[in-house]
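Visitor: Take this structure, written in structure tokens, and hold onto it; I'll ask about it next.
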Amino acid sequence: MEEYVREPCPWRIVDDCGGAFTMGIIGGGVFQSIKGFRNAPVGMKHRLRGSVNAVKIRAPQIGGSFAVWGGLFSTIDCGLVRLRGKEDPWNSITSGALTGAVLASRSGPLAMVGSALMGGILLALIEGVGILLTRYTAQQFQNPNPFGEEPSGVPH
């Protein structure tokens, strides 16, 4: 499964890090605005101010956390591509597991194993869905007649 839309490996790290940061900022901004609105005192003025303050304080932190995850994932993925010499779903699955383990390393070996399992399973699910979607969309463009004949009965 060739990924032709991605940047080459050294630049992929920067690209994925920036994309993850953007995703974290946007998602964190939406989540924190709702949370800040709900936790603020009664009154629309207080609620809007609480929403804006929560976004200003927490959204950059969430974006930074996402950026660290994306950068580490891409770094490990590029290392595996270089080490194995090919780019396939196993690199992403292994990268997810190793990223989870590295990010949980401060919490001890048990947390590392749990995070590695969750990262590997999550990336395996994502890669599996991607493969299924690719196969499904490829079947739409295949010839419906298995013998390769035209409807008139004359082979082409």
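The values are calculated or read from the model by the stated rules, or taken from the named source; none is laboratory data. All values derive from a computational prediction rather than experimental measurement. Cβ placement follows ideal geometry from the backbone for every residue including glycine, while neighbour counts extend to all protein chains displayed. The accessibility values were calculated without ligands, DNA or RNA, using every heavy atom of the protein model including side chains. Shrake-Rupley method; radii C 1.70, N 1.55, O 1.52, S 1.80 Å.
Visitor: Inside the stretch 58-109, can you point out the residues that are part of a loop (DSSP other than H, G, I, E, B) and open to solvent by 30 Å² or more (accessible area, probe 1.4 Å)?
Guide: GLY85, LYS86, GLU87, ASP88
Visitor: Considering only the stretch 31-42, I want to know if a residue exists there that is charged (D, E, K, R), surrounded by 14 or more Cβ atoms within 10 Å (Cβ to Cβ) and not in a helix (DSSP H, G or I). Please lay out each step first, then the result.
Guide: At the first step, the residues of the stretch 31-42 found to be charged (D, E, K, R) are 35, 38.
Subset that is surrounded by 14 or more Cβ atoms within 10 Å (Cβ to Cβ): 35.
Now drop any that are not not in a helix (DSSP H, G or I), which leaves none.
Scanning the stretch 31-42 turns up no residue that is charged (D, E, K, R), surrounded by 14 or more Cβ atoms within 10 Å (Cβ to Cβ) and not in a helix (DSSP H, G or I).
Visitor: Now for a separate question. Out of curiosity, is THR75 within 20 Å of CYS9 (Cβ to Cβ), among the β-branched types (Val, Ile, Thr) and out of contact with any Asp or Glu (no Cβ under 8 Å at 6 or more places or on another chain)?
Guide: Considered against the rule, which asks whether it is within 20 Å of CYS9 (Cβ to Cβ), among the β-branched types (Val, Ile, Thr) and out of contact with any Asp or Glu (no Cβ under 8 Å at 6 or more places or on another chain), THR75 comes out as yes.
Visitor: Identify, please: which residue in the stretch 110-135 is modelled with pLDDT of 95 or more and over 17 Å from the mean Cα position of the chain (by Cα) and is, among those, surrounded by the fewest Cβ atoms within 10 Å (Cβ to Cβ)?
Guide: This residue is LEU110.
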